[in-house]
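Engineer: First, the structure itself, so that you have it in front of you.
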Amino acid sequence: MHEKFWGVLRLIMIIFWGVGCKTNQATFQAPNNSTTANTITAAPTPLMDTVARQQSDSIPEWVSKPGSYHPTTTRLSDLIHTQLKIRFDWSKQQAIGEAILTLKPFFYPQNTAVLDAKGFTIQNVKLVSGTTNKDLQYTYDKLKLTVKLDKQYTRNQEYKIQINYVANPNNLQVKGSAAITSDKGLYFINPRGNEANKPKQIWTQGETEANSAWMPTIDSPNERMTQEIYLTVDPQYTTLSNGLLVSSVKNLNGTRTDYWKMDKPHAPYLAMVAVGEFAVVHDKWRNLNVDYYVEPKFKNTAKAVFGNTPEMMEFFSKKLGVDFPWQKYASVVVRDYVSGAMENTTASVFMESLQLSRRELLDTNWDFIIAHELFHQWFGDLVTLESWANLPLNESFANYSEYLWEEHKYGKPSADALNLKELNEYLAEAETKQEPLIRYHYQDKEDMFDSHSYAKGGRVLHMLRNYVGDDAFFTALQNYLKANQFTSVELAELRMAFEDVTGEDLNWFFDQWFLKPGHPDLKVVHAYQNGQVQITVTQQQDSLYTPIYRLPLTIAVWNGKQKKEHAITITKAQQSFHFPAEAKPDLVVFDAQQQLLGKINQPKTDAELMYQFYNVNQYLPKYEAITKLTDKVNEPKVLAMMRAALQDETHQIRSAALAALAKYTGPELNALFQELQTIAKNDKKSVVRADAITAITALPNPAVASVLEQSLSDSSYAVVAAGIEGLITTKNEAAAAKLKQFDNVTSGELLKALSGYYARFGNPTQLDWFMRNIDVVKGENLYFFTQNFGGFLMNFGSQLDIKKGLTKLEDMARNHETYFIRLAAFQALSIASDSEEQRKLLADIKSKEKDPKLIRIYSNIP
């Protein structure tokens, strides 16, 4: 699902770990939004061993808290087909619908049908039989519609129920998850047209069980239906839904009705509609239509963003041995989306960040999210999870598709850089939460949408691929998809698909990685004596809660330019392995394929690390050498290595070297400064140029100010933003006049940087700039922009009409649709003013908040 905007999820981690209110501050401090990754070989946090744990009777924070058991939904009735006729009342934000559902008993005879229908006004319920309709009795509790049928039906008898209703999504109590911030199902954007620079739109978001807020259904992932949706709209609007557009008819009252037909079955949560003034950019894959729906002003850049989609469809079809299985594929970008994206069958929805100007395209590539949602068309849509406990059967695969595409399109080093980022996502979450991937015990189904289901799951699939080999891996996936298409599955079906191909019992792998919590925490020591290399591996994880893992992997022993690999299998808490060697090796690489999910602490000498950088042509060993030798960058050999890294073909390695060189204070400072200045001007990757600006800012050189000023002329917004951050770091209060050229720019990254500068070194007249742009910035950038606005009001409030700013922040803290933005506004209010009136206002906001996530956060704020 919802790509799952992991930048936002990182932000949520920051919120949960470091939330607090700042008052009476003399100077404003912006929140730290750096996302510097830890190396996978960083020393682990020590945990008590099992004996000590038993003696102390303490439980680590990360141990899962028991929740209720959530079984797969029992299927009493089977929803065969949904025919929906729907129109919209923009002013009331309602959907007026007529649904005809074709059902039958799943197995046992039934005389009632229980449907999900959240917050409806039910007008009537009828049995449709031929040309006659018969009123049916029903009961309704605003969540479930229980219909008494005219007789008892058997599993071989279909029947049709017609329901006329009004959906009232805004009357629902909104909940959500870190990945999906709201669950009211149907959303009206700017319905009265009174929000400047925002189009009027309607769109839906069904996962997990929110489509029943706008259409009556059986809202369970183990249900499947075909569908027909008739959308009646004003003629200026374009519509999109699942399947194919069969007809578009002008009505006598001036409206138009579009008829969308989905003739292959899919889960109800994957149904969708979107309505808006979209430009439709046409593309093709083989003989299928591939379309991109965007706001008209982004028509000319839509293909630059989404244009790799046909190539992805071809790549995934061939890799999986199963062609893209649906009638068409469309991508639509909407405003104020409650997630990153959603894989509705044949029609994925994306957040507005995917609408980019030509200049923004220099810094941004959204292939990962596009690949993620596309891969769901196989894993999630064609084969669907049986219950939310099995969510990784959707999300782990979609997450891993990002690696597969990166590897195919941009090379393995770039894919391995992504792998490390995802690993660190999971390890960060594992500090406070460790769960099995497949888990039937949880507090709420929304809890499943975490870095376990996404990042850990994707890394587990990578290990499985490495273990069985590419041929077996993709053959097993082909068999799994073909055997289970148009059905719902649980983990056992995936395991058996791999066992049928490999001929091996793989319970051990699926048990320790999918059904048990945690990850290996390894200490690896290597030594040479008497013609042998000895490797001693200790599994340090707390075995009271975490398995002792079976880990098949490879050890690489390097002598000179020669490498010998040795396959081993770790099965014990501590285990030693011996390999013959004619001389003391230059390097021993544990897990030569660099595929293991876990923490690895293998001490290496500086000489070994430098040898590793120059000889092991893989991303992770190079990255490890750079990060572990950063503190020794003043040593000539290390400096030479870092300079060599600046020429590496992988831009992530160049960026890592720049971060290390920012700490240089040695005698070659002036020469290094010139070298970094050249990179800041000429590197082909804008992110590297931006990192070069950041590194230059840290170096003690009188020319820094000149470089920062030059960076403001770069074609890349990322480089300009880095320059502005540099102006903040160097406390350059005289640059405000030079920054006015960007006052009308709409780049979120740039606006975030400008807001940080103006909060410190601006002037009271920039209140209007903040007020205007706080409605322009979105997502993670808006979180930090809002807090910077609080700092601006604190620093300049006595010189301006602070009430205007406080009123805006109060409205956001109470009403913004995204809960972490409400939190940002709350924090901004707390730093903007410390009056008694303000404290009462904050208390009132806390007391009236209804989102469980924010309530938990606010409970920790005095």
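Read-outs: derived from the displayed coordinates by stated rules, not from any lab. Small disclaimer: the values here were computed from a predicted structure and weren't measured. Glycine also receives a Cβ, built like all others from the backbone with ideal geometry; neighbour counts cover every protein chain displayed.
Engineer: Could you pull out the pairs from 104/264; 628/778; 85/264; 433/523 whose alpha carbons sit more than 27 Å apart here? The partial results should precede the final answer.
Structural biologist: On the way: 104/264 18 Å; 628/778 36 Å; 85/264 19 Å; 433/523 22 Å.
Among 104/264; 628/778; 85/264; 433/523, the Cα-Cα distance tops 27 Å for 628/778.
Engineer: About the Cα centre of region 77-375, how large is the charge dipole given +1 on each Lys and Arg Cβ and -1 on each Asp and Glu Cβ? Please answer in debye to the nearest 20. Working shown, then result.
Structural biologist: Numbers: 34 positive and 32 negative charges, 123 e Å.
In total the dipole reaches around 580 debye.
Engineer: Oh, and also: FRET efficiency for residue 743 and residue 705, Cβ-Cβ distance as r, R0 = 25 Å, nearest 0.05? Write out the running numbers ahead of the final one.
Structural biologist: Details: r = 22 Å, r/R0 = 0.86.
According to the calculation, E is roughly 0.70.
Engineer: About the Cα centre of the chain, what is the dipole size in debye to 20, counting +1 per Lys and Arg Cβ and -1 per Asp and Glu Cβ, all else neutral? Write out the running numbers ahead of the final one.
Structural biologist: Working: 91 positive and 97 negative charges, 243 e Å.
Magnitude of the dipole: close to 1160 debye.
Engineer: Further question: Would you mind estimating how fast region 521-596 diffuses translationally, via Stokes-Einstein at 37 °C and 0.692 mPa s with the Kirkwood radius over Cα pairs, in µm²/s?
Structural biologist: Numbers: Rh = 13.0 Å.
The calculation lands on 252 µm²/s.
Engineer: Follow-up question, since we're still on this one. Give the Kirkwood hydrodynamic radius (Å, one decimal) of the chain, defined as one over the mean of 1/r across all pairs of different Cα atoms. Display every interim value, and only then the final one.
Structural biologist: Working: mean 1/r = 0.0341 Å⁻¹.
Result for the chain, one decimal place: 29.3 Å.
Engineer: Which far-off residues, 5 or more places away or on another chain, put their amide H under 5 Å from the one on residue 77, with H placed in the peptide plane?
Structural biologist: The answer is 106.
Engineer: Stretch residue 124-residue 284 to full length: gain in nm at 0.36 nm per residue minus the Cα-Cα span?
Structural biologist: Working: separation 160, 0.36 × 160 = 57.60 nm, distance 4.37 nm.
Working it through step by step, the gained length comes to 53.2 nm.
Engineer: For region 411-487, count all C-alpha to C-alpha pairs, find those more than 16 Å apart, and express that count as a whole percent of the total. Don't skip to the end; give the middle numbers.
Structural biologist: Working: 1824 of 2926 pairs.
Value for region 411-487 (Cα pairs over 16 Å): 62 percent.
Engineer: Distances over 26 Å make up what percent of all Cα-Cα pairs in region 739-861? Walk me through the numbers on the way to the answer.
Structural biologist: On the way: 1278 of 7503 pairs.
Value for region 739-861: 17 percent of Cα pairs lie more than 26 Å apart.
Engineer: In this model, which of 118/261; 409/752; 200/840; 808/840; 445/516; 456/846 are farther than 27 Å apart at the alpha-carbon? Mind showing how you got there, number by number?
Structural biologist: Numbers: 118/261 24 Å; 409/752 31 Å; 200/840 36 Å; 808/840 17 Å; 445/516 18 Å; 456/846 34 Å.
Distance filter (> 27 Å) returns 409/752; 200/840; 456/846.
Engineer: I need the trypsin sites (Lys or Arg not before Pro) found in region 199-307, filtered to DSSP loop residues with at most 15 other beta carbons within 10 Å of theirs.
Structural biologist: Values: sites: 200, 224, 250, 256, 261, 284, 286, 297, 299, 303; in loops: 200, 224, 286.
Taking region 199-307 and a limit of 15 other Cβ atoms within 10 Å, the loop trypsin sites (Lys or Arg not before Pro) found are 286.
Engineer: Under 18 Å Cα-Cα from residue 584, which aspartates and glutamates qualify once same-chain neighbours fewer than 8 residues away are excluded?
Structural biologist: The qualifying aspartates and glutamates are 565, 606, 608.
Engineer: Using alpha carbons only, what's the Rg to Rh ratio of region 353-434 with Rh from Kirkwood? Spell out each step's value before the answer.
Structural biologist: Working: Rg = 14.8 Å, Rh = 14.3 Å.
Result: Rg/Rh = 1.03.
Engineer: Per residue, how big is the convex hull of region 695-796 when only Cα atoms are used? Give it in Å³. Let's see the in-between values first.
Structural biologist: Numbers: hull volume 9.6 nm³, N = 102.
Value for region 695-796: 94 Å³ per residue.
Engineer: Against the globular-protein guess of 2.2 N^0.38 Å, express the Cα radius of gyration of region 383-514 as a ratio, rounded to two decimals. Intermediate results must be reported in sequence, preceding the final value.
Structural biologist: Numbers: Rg = 14.5 Å, N = 132, 2.2 N^0.38 = 14.1 Å.
In units of the 2.2 N^0.38 Å rule of thumb, it is 1.03.
Engineer: If I model region 290-406 as equal point scatterers sitting on the Cα atoms and use the Debye formula, what is log10 I(q)/I(0) at q = 0.11, 0.14, 0.15 Å⁻¹?
Structural biologist: Cα-only, vacuum Debye calculation for region 290-406: -0.35, -0.56, -0.64.
Engineer: Run through the DSSP bridge list for region 275-351 and note the antiparallel percent, rounded to the nearest 5.
Structural biologist: Values: 9 of 17 bridges.
So the antiparallel bridges in region 275-351 amount to around 55 percent.
Engineer: Hey, another quick one. Filter the GluC sites (Glu not before Pro) in region 417-481 down to the DSSP loop ones having no more than 15 other Cβ atoms within 10 Å, then list what survives. Spell out each step's value before the answer.
Structural biologist: On the way: sites: 422, 425, 429, 431, 446; in loops: 431.
Sparse-neighbourhood loop GluC sites (Glu not before Pro): 431.
Engineer: Specify the inter-centroid distance of region 292-352 and region 787-845, based on alpha-carbon positions, in whole Å.
Structural biologist: When both Cα centres are located, 38 Å separates them.
Engineer: With a Förster radius of 45 Å, plug the Cβ-Cβ distance of residue 314 and residue 359 into 1/(1 + (r/R0)^6) and report the FRET value to the nearest 0.05. Kindly include the intermediate steps, with their values, before the conclusion.
Structural biologist: Working: r = 30 Å, r/R0 = 0.67.
Efficiency, from the Cβ-Cβ distance: 0.90.
Engineer: Also, I was wondering about something else. Need the list of aspartates and glutamates near residue 198 for cross-linking: C-alpha distance under 13 angstrom, and skip anything on the same chain fewer than eight residues off.
Structural biologist: Counting by Cα, and skipping residues close in sequence, residue 198 has these aspartates and glutamates nearby: 277, 295, 336, 352, 775.
Engineer: Continuing with the same structure: Would you calculate the separation in nanometres between label points at residue 496 and residue 574, each defined as 7 Å from the Cα along the Cα-to-beta-carbon direction?
Structural biologist: In this crude label model, residue 496 to residue 574 measures out at 4.3 nm.
Engineer: Separate question: Identify, among 401, 293, 96, the residue whose Cα sits farthest towards the positive end of the charge dipole of the chain, taking +1 on the Cβ of Lys and Arg and -1 on the Cβ of Asp and Glu, with the dipole about the Cα centre.
Structural biologist: After comparing all options, I get 96.
Engineer: Now for a separate question. Provide, in order from the shortest bin, the percent of all Cα-Cα pairs of region 655-699 in each 10 Å bin, continuing until the bin that contains the maximum pair distance.
Structural biologist: The distribution over region 655-699 is 33, 58, 9, given as percents.
Engineer: For the chain, what proportion of DSSP beta bridges, expressed in % and rounded to the nearest 5, is antiparallel?
Structural biologist: 80 percent
Engineer: So what's the projected area for region 77-375, the Cα convex hull averaged over all directions, in nm²? Before the final figure, lay out the partial values.
Structural biologist: Working: hull surface 68.3 nm².
Its average projected convex-hull area is 17.1 nm².
Engineer: Still on this structure, I have one more. Counting other Cβ atoms within 10 Å of each Cβ, which chymotrypsin sites (Phe, Trp or Tyr not before Pro) in region 405-460 have at most 16 and sit in a DSSP loop? Write down the numbers at each step before the final one.
Structural biologist: Working: sites: 405, 410, 426, 440, 442, 449, 454; in loops: 440, 449.
Taking region 405-460 and a limit of 16 other Cβ atoms within 10 Å, the loop chymotrypsin sites (Phe, Trp or Tyr not before Pro) found are 440.
Engineer: Follow-up. For region 650-741, report the % of Cα-Cα distances exceeding 15 Å. The partial results should precede the final answer.
Structural biologist: On the way: 2230 of 4186 pairs.
Cα-Cα pairs in region 650-741 separated by more than 15 Å: 53 percent.
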